[in-house]
Amino acid sequence: MSRVSEIMESMEYGPGIEDSSAARGWLAERGAFGHFIAGAFTAPGTTFTTRDPSTGEALAEVTQGTVDDIAAAVAAARKAQPGWAALGGHGRARFLYALARHVQKRERLLAVLETLDNGKPIRESKDIDVPLLARHFYHHAGWAELMESQFPGMSPLGVVGQIIPWNFPLLMLAWKVAPALAAGNTVVLKPAEYTALTALAFAEICREVGLPAGVVNIVTGDGATGAALVEAEVDKIAFTGSTEVGRLIAEMLSGTGRKLTLELGGKSPFIVMPDADLDAAVEGVVDSIWFNQGQVCCAGSRILVAEAVAGRFEALLKARMARLRVGAPLDKSTDVGAIVDPVQKDRILSICRAAVDAGAELVGGQAQEGCFIAPGYLRGVAPTNPGMSQEIFGPIATLSTFRTADEAIELANNTRYGLAASIWSESATVATDLAARVKVGVVWINCANLFDAAAPFGGYRESGYGREGGRAGMLDYLADAAPEAPAAAAPARQVAAPAIDRTMKLYLGGAQKRPDGGAMYAVPGGLAPVAGRKDVRNAVEAAAKAGKWAAMGGHARAQVLYYLAENLAARAGDLAARVGPAEAEAAVAIAFHFAAWADKFDGANVQAKPGHLVNVIPEPFGVIGLRCPDAQPLAGLLSLALPALAMGNAVVAVAAEADPLVLADLVQVLETSDLPGGALNILTGPADDLAAHLAAHEEVAAFWTAGGAGAAIDLAAAGSLKPVWHVPPRDWSAPVAQGEVFLRRAVQMKTVWLPYGA
Ligand code: NAI
């Protein structure tokens, strides 16, 4: 027994174990779980055991979902969907409010269950996971209420399959289910195999609030159950998990026309500038990489610290790390709980071993008995070290230094991922400059790992696409309004081909170029070049070098596009002679239209947490690849290329294969315009083949196709995880072809958090 004076001396914590008897009683009453389908629990089938990772103790039996279970759940969701949508925004909002209230009423059960099943500290389940769960349902109840006015003309997608990971079981459920339901979809959700219990508790809450049967269905099981859901008759898959599985899902969905959003892995930079508040930055590391045992997709796992302060920073970090308490997740004073499963513990340790074998030094990070790993970091990590490139997904960061801001950005962006970044500097100028230059979907300035339902979350590059939270998140669960002018019934060519025989060239890097192979093919009115793979590469290279275009800003881009529009108008007669007056007129109108938009497609400042300025900023993707429509070669190309350009992207367009000669006139206009070389590149030839090569290119960040081989493009794009937009066919010469949706598809949202005040 310690004396009071000794306790005062050591400041040792006494144990403060959260009472788990109610949660255990809840589990004992149920014993084994079936799925939640059509508003009722099925009888348990073949089951597996779910365990408390901190003790290994069996918690419950959970059913391994089969293809038939998935089919039954999808059928229930399909049946329920029209009725759910027909309730209208207000009707659905009432259910979402009820869910929010009921999860609040059950917060203790949910928090304790989450900690038992996942191993995360109870402090985090209580203060972060469960409050955010309620927050998401409240926020999305609001979107449901406002749906008709805020998303006019849009409609639900139908049935959505949702696959979630084990690191934030309840929170990921909320991120997926709340927007889907608000938009009028019904869902089949598959929780991760390690952590299904809170999803099943949530199913009970759905029943408790009287949610119509089939609106939410939950099928438990492992990756095979997930794969069955991907192959089922759903209208969209929303996935959060590893990049490897995300890529597999993108490939599986190729050519199906089903929508997909992916929230994948990361290796997020945590940048400490020389003028940072180092004590605050050290707390930021705690919240970044030691929060949830580092099992966080957006964990600041690569600490980059300015050389000038690296010594002091590391000393503070070491001292703080030594004070973190690793132990029983149910203990209220535990900082670092259990890793979710022995498999994950082994994975973390094996990456750390590989990093050490490759020359890094591991500070802390010892494996402990059971599913515990002490917090730690790797130092002396070369850029090629596996510890630097692989997602460790455990409480181990890397620590490296830089000299200049440019070097910090180069290191930060030297990854295939692009989920998040945390930036520490007392200078607003420096911090916002870095925030603009880092290629990620979420930036936290002088803070880390903050989340809110109003703040869109999602990645760039191989961290996935789509957003969760806020208006952007809602849009990913809605179908765009159908084009007002359906595809033109008339054949593409409206005038006879002119008699003069003409030979056009490719347009690459701002100059007319012969195709690499030198071959030409006959088209109405003359000859067009047959582009090959080398031309595709050259075009992408030219586009990638046109970064200046994005940097010009909206006003300057608008001026260039207005000038282009004027020049097009001056050539309208020539253009009309080739494609007819309607399409020529449309081309000019489209050019003026998107010139007007260039400085007006705004982001938003959203109400996330009080005391935080949270800006959602539309940024260009970089290089966008286009497969233009076969009909209306001029209006079609401009309808796609100009919104992409207006938003600051560079474009490589595969032109209409059969009838591209009007583009020779367009190229002449481009040559006399101020558009920087490489901002727009035009290829002609075998369109499907060229499009597939373009879609596979690593430097192409997004792809739009308005015709041709959709499946081949999807498959090619899946390899490097780029979003593909299948642009619905329309009459490209109709003025209504020019919609705001084209601008939305031309940007990715960056959410920047900046706390204000001291
Ligand atoms: P995972 O990607 O295999 O699991 C995530 C979810 O996908 C689970 O529900 C799983 O059952 C399901 N799934 C697995 N294979 C599937 C398939 N073929 N089709 C459909 N669904 C499938 O991740 P895992 O194996 O649990 O963890 C491995 C690594 O992945 C971690 O160490 C970490 O690096 C990363 N990860 C990243 C997450 C993130 O939030 N970005 C979350 C979980 C894991």
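The values are calculated or read from the model by the stated rules, or taken from the named source; none is laboratory data. What you see is a predicted model; the values in this text were computed from it and never measured. Note that we place each Cβ from the backbone using ideal geometry, even for glycine, and neighbour counts take in every protein chain shown.
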Of these, Asp714, Asp689, which one is more than 21 Å from Pro633 (Cβ to Cβ) and modelled with pLDDT of 95 or more? Asp714
Scanning the stretch 220-260 residue by residue, those more than 10 Å from the ligand (Cβ to nearest atom), among the aliphatic types (A, V, I, L, M) and more than 19 Å from Ala716 (Cβ to Cβ) turn out to be Ala232, Val234, Ala238
Enumeration of residues in the stretch 180-219 that are away from the ligand (no atom under 16 Å from the Cβ), in contact with a strand residue (DSSP E or B) (Cβ under 6 Å, 6 or more places away or on another chain), among the β-branched types (Val, Ile, Thr) and assigned to a loop (DSSP other than H, G, I, E, B): Val215
Residue satisfying condition, being over 23 Å from the mean Cα position of the chain (by Cα) and over 24 Å from Thr115 (Cα atoms), within set Arg302, Arg312: Arg312
Within the stretch 323-361, the residues that are polar (S, T, N, Q) and under 30 Å from Thr384 (Cα atoms) are Gln344, Ser350
List, please: which pairs have Cβ atoms under 7 Å, are six or more places apart or on different chains, and start with a residue in the stretch 333-360 that is away from the ligand (no atom under 15 Å from the Cβ) and end with one that is β-branched (Val, Ile, Thr)? Val336/Val326; Ala360/Val381
With (1) at pLDDT below 95; (2) surrounded by fewer than 21 Cβ atoms within 10 Å (Cβ to Cβ); (3) of a type in the set (Gly, Ala, Ser) as the list, and Ala436 as the residue in question, which single condition is left unmet? (1)
What residue, of Ala598, Ala539, Ala641, Ala635, is modelled with pLDDT of 95 or more, in contact with a Lys or Arg (Cβ under 7 Å, 6 or more places away or on another chain) and buried (at least 24 other Cβ atoms within 10 Å of the Cβ)? Ala598
Of the residues in the stretch 329-351, how many are of a type outside the set (D, E, K, R) and assigned to a helix (DSSP H, G or I)? 7
Quick check on Leu304: is it in contact with an Asp or Glu (Cβ under 8 Å, 6 or more places away or on another chain), assigned by the TED database to the domain that holds Ala412, crowded, with 19+ Cβ neighbours inside 10 Å and in contact (Cβ under 8 Å) with a residue 60 or more places away in the chain? no
Test Ser54 against the criterion of being buried (at least 18 other Cβ atoms within 10 Å of the Cβ) and small (Gly, Ala, Ser), and give yes or no. yes
Out of the residues in the stretch 250-274 that are part of a strand (DSSP E or B) and touching a Phe, Trp or Tyr at 6+ places or on another chain (Cβ under 6 Å), which is surrounded by the most Cβ atoms within 10 Å (Cβ to Cβ)? Val272
